[in-house]
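What follows is a single structure, written as structure tokens, with notes after it.
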Amino acid sequence: MNGMFSARNRGSVLRAMEGETFDLLVVGGGITGAGIALDAQTRGFRTALFEMHDFAFGTSSRSTKLVHGGLRYLKQFEVKMVAEVGRERAVVYENGPHVTSPEGMMLPIYREGTLGRWTTSVALAIYDRLAGVRPGERRRMLTAEETLEKLPFLKRNGLLGSGYYVEYRTDDARLTIEVIKKAVEAGARAVNYVKAERFILEGGKVAGVEATDMLTGREHRIRARKVVNAAGPWADTLRKIDGSPKGSTLRLTKGIHLVFDRSRFPLKHAVYFDHSDGRMIFAIPRGCKTYVGTTDTDYDGDIAHPRMTKADQAYLLAAVNGMFPGLRLTEHDIETGWAGLRPLIAEAGKSPSEVSRRDEVFVSESGLITIAGGKLTGYRKMAETVVDRVARQLAKEGIRIAPCRTRHLPVSGGDVGGSAGFPSFVERKVHEGVKLGLSAVEAEALARFYGSNVDRLYRLADELRQEAGGAPMPLPVLMRLAYAIEEECAATPTDFFLRRTGWMLFDLPAVMRYKDAVIESMARRLDWTENEKQRHAADLQQAVEEATVAVGRESAH
Ligand SMILES: Cc1cc2nc3c(=O)[nH]c(=O)nc-3n(C[C@H](O)[C@H](O)[C@H](O)COP(=O)(O)OP(=O)(O)OC[C@H]3O[C@@H](n4cnc5c(N)ncnc54)[C@H](O)[C@@H]3O)c2cc1C
């Protein structure tokens with residue numbers, strides 16, 4: 001990537017951008033903005049993207065982390081959306097099997113439940129058909145005994161059986177970063193910690209943005225023919241700056257997740273089950289942990305730092321203890337958790353769970369294009385719709401249009417021979433990693449996590465070996481850190497621990513073990529002053545508190 005996505009080069013990339021006029025500037029580095037930047041750049045548009053925090057800081061690191069068609073939306077007869085989004089599952093999987101993987105999902109059926117055996121079977125069959133599910137992954141109906149074999153801790157009373165089907169599990173923040181990296185590999189410019197403050201207007205039309213580098217305080221003016229607002233929960237804020245909204249476009253609802261150790265919540269298969277109020281809850285195994293979610297409540301507090309409340313926790317604990325009564329989970333068993341905001345399109349008179357998850361494009365008088373709503377899973381299709389629109393507008397200005405190219409385009413790290421080739425790819429890379437002196441377990445973990453980019457980490461091994469010898473950080477951790485800084489624009493320790501590795505949520509002991517060494521190493525590589533070092537250390541501490549102690553604290557508006 002020629003250093004274009006190195007955290008060391010953020011400043012110089014930004015300065016160089018001031019001398020250019022981009023075809024398209026995307027504001028927002030969540031999955032929506034990432035998808036648009038990739039689609040646009042690969043069609044030949046000169047594309048830029050700004051993110052005011054870290055990439056995937058917003059909703060795109062705080063979802064249920066599933067690539068799914070939204071089975072429950074069938075209940076609301078959102079057939080078109082289920083069909084469209086459901087079909088995208090296979091596309092997302094094939095283009096990045098290192099970041100998305102199939103996950104067997106159980107749907108338990110109870111005598112007193114909202115779905116009977118027959119309705120579940122029919123609903124899942126419709127889902128198979130709508131989502132174009134592959135033959136090997138189509139639904140199966142299990143008896144009560146078969147269900148308990150797979151889920152021995154499940155409530156037995158009234159159990160009639162279950163539906164077994166396949167969804168896909170992902171790491172939302174990593175999916176986002178892999179999409180942005182691909183866009184940058186294709187020539188796009190993407191910079192984190194740059195906030196679009198105001199729009200540049202020419203003849204009443206948006207012609208770029210005035211932005212602030214949040215790490216240095218410097219101001220930048222970046223010109224672009226078209227600007228897309230992909231600011232997720234902040235979309236209305238940007239529309240207000242543009243002077244465009246007639247009332248609120250969005251309705252924000254909060255959803256939280258709780259993480260337990262597998263020893264306290266042993267789960268072999270993901271489960272999708274009814275809460276007593278009829279809402280559906282996921283419990284999903286992930287490595288040594290199990291996580292549970294989610295809630296759905298209206299929200300009007302601080303958008304950047306939604307917090308979970310005692311009531312949110314109690315709601316999920318009641319759901320889990322109702323379905324797995326023997327576990328007797330309490331708040332003391334909660335290890336970590338996160339809260340995210342759904343940027344839903346406002347619909348009057350509906351409860352949070354009833355509001356549609358559809359996406360919509362709004363074009364203001366100034367020409368600002370806003371994309372709002374939608375799901376992680378449908379990001380590629382959403383991007384196609386938006387860029388088609390931009391392409392039609394630019395065509396009027398004589399700029400050539402190419403068709404969308406992302407359907408069969410692997411994301412960064414996804415050149416592994418598709419899902420079918422991934423296992424043999426991993427095998428080969430384990431072999432190579434062992435030759436470099438890694439253990440087979442370390443090499444496999446790296447190959448699965450980084451996909452084809454593992455070669456770039458392997459290339460760093462030799463030069464880092466010496467540093468690792470004297471550092472309180474094993475070589476594989478140092479390789480991850482150096483790669484995150486140099487090729488994934490990780491600019492702070494929190495970027496590394498929360499959104500580049502996911503350890504903050506799923507391996508907190510690793511954060512505690514390596515945090516001092518990571519701060520020292522980043523300070524050296526990024527030339528921090530003592531003040532900057534202290535500030536980033538304090539931010540990391542706050543992020544750890546948010547992921548742990550903040551569980552139970554009321555939202556501070
Ligand atoms: C609890 C929950 C569970 C979910 N589960 C799933 C799921 O399992 N599967 C699924 O498919 N979908 C799921 N979703 C939906 C999905 O997560 C979202 O649709 C998606 O992440 C939204 O992405 P986005 O890019 O639009 O918004 P965001 O990820 O929030 O990105 C917007 C970005 O814009 C940036 N920004 C804002 N203003 C500015 C500015 N002025 N300058 C620069 N940058 C700016 C923000 O910092 C932010 O990072 C879930 C959502 C929630 C809340």
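The numbers here are math on the coordinates, done by the rules we state, and not lab data. As the structure is a prediction and not an experimental result, all values here were calculated from the model. Cβ atoms come from the backbone with ideal geometry, glycine included; neighbour counts cover every protein chain shown.
Key figures
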quantity	calculated
13 Å beta-carbon shell around HIS269, net charge (K/R +1, D/E -1)	+2
Leading residue at positive end of dipole, region 149-201 (Cβ point charges), from TYR164, ASN192, VAL179	ASN192
Estimated dipole of the chain in Debye, rounded to 20 [Cβ of Lys and Arg +1, of Asp and Glu -1, Cα centre]	1240
Neighbour net charge for GLU530 - beta-carbon separation under 14 angstrom, K R +1, D E -1	0
Percent RCO, i.e. relative contact order, over the chain, from Cα pairs under 8 Å lying at least 6 residues apart	20
Label-point gap, in nm, between VAL363 and ARG456 - each point 7 angstrom along Cα→Cβ	3.5
Gain upon complete extension [ALA16, GLU202; 0.36 nm per residue less C-alpha separation]	64.8 nm
GLU444, GLU88 arranged by Cβ crowding within 10 Å, fewest neighbours leading	GLU444, GLU88
Ranked list, fewest to most other Cβ atoms within 10 Å of each Cβ, for CYS404, CYS489, CYS288	CYS288, CYS404, CYS489
Simple Cβ-charge dipole of region 361-470, Lys/Arg +1 and Asp/Glu -1, about Cα centre, in debye nearest 20	540
For region 413-429, 3J(HN,Hα) per residue [Karplus equation, 6.51 cos²θ - 1.76 cosθ + 1.60, θ = phi - 60°, Hz, x = Gly/Pro]	x, x, 7, 10, x, x, 5, 5, x, 4, x, 6, 4, 4, 4, 4, 6
Estimated 222 nm signal from helices in the chain, with DSSP H stretches of n ≥ 4 weighted -39500 (n - 2.57), rounded to 500	-12000 deg cm²/dmol
For region 502-548: rounded, prolate or oblate by the Cα gyration tensor [a/c cutoff 1.5]	oblate
Full-extension gain in nm, GLU354 to ASN531, via 0.36 nm per residue minus C-alpha separation	59.0 nm
Those residues of region 152-189 whose amide nitrogen sits under 20 Å from the label point placed on ASP415, 7 Å along Cα→Cβ	175-189
Under the Karplus curve 6.51 cos²θ - 1.76 cosθ + 1.60, θ = phi - 60°, whole-Hz ³J(HN,Hα) for region 168-178, x wherever Gly or Pro sits	10, 9, 9, 10, 4, 5, 6, 4, 4, 5, 5
Out-of-range pairs (alpha-carbon distance over 22 Å; input LYS80/LYS381; LYS155/LYS254; LYS80/LYS350; LYS155/LYS375)	LYS155/LYS254; LYS155/LYS375
Over 32 Å (Cα to Cα) - which of LYS65/LYS435; LYS65/LYS515; LYS268/LYS435; LYS65/LYS429; LYS195/LYS396 fall in this group	LYS65/LYS435; LYS268/LYS435
Loop-resident sites, region 55-131, for chymotrypsin sites (Phe, Trp or Tyr not before Pro), counting at most 14 other Cβ within 10 Å (DSSP)	PHE77
Positive minus negative residues near ALA190 (Lys, Arg vs Asp, Glu; Cβ under 9 Å)	+1
Ranked TRP234, TRP528, criterion: other C-beta atoms within 10 Å, fewest first	TRP528, TRP234
Within the chain, longest stretch clear of exposed trypsin sites (Lys or Arg not before Pro) (DSSP loop, no more than 11 other Cβ within 10 Å)	401-557
Positive-end residue of ALA37, PRO233, THR59, charge dipole of the chain with Cβ unit charges	ALA37
Under 5 Å, built H, 5+ apart or other chain: amide partners of ARG225	PHE22, ASP23, LEU24
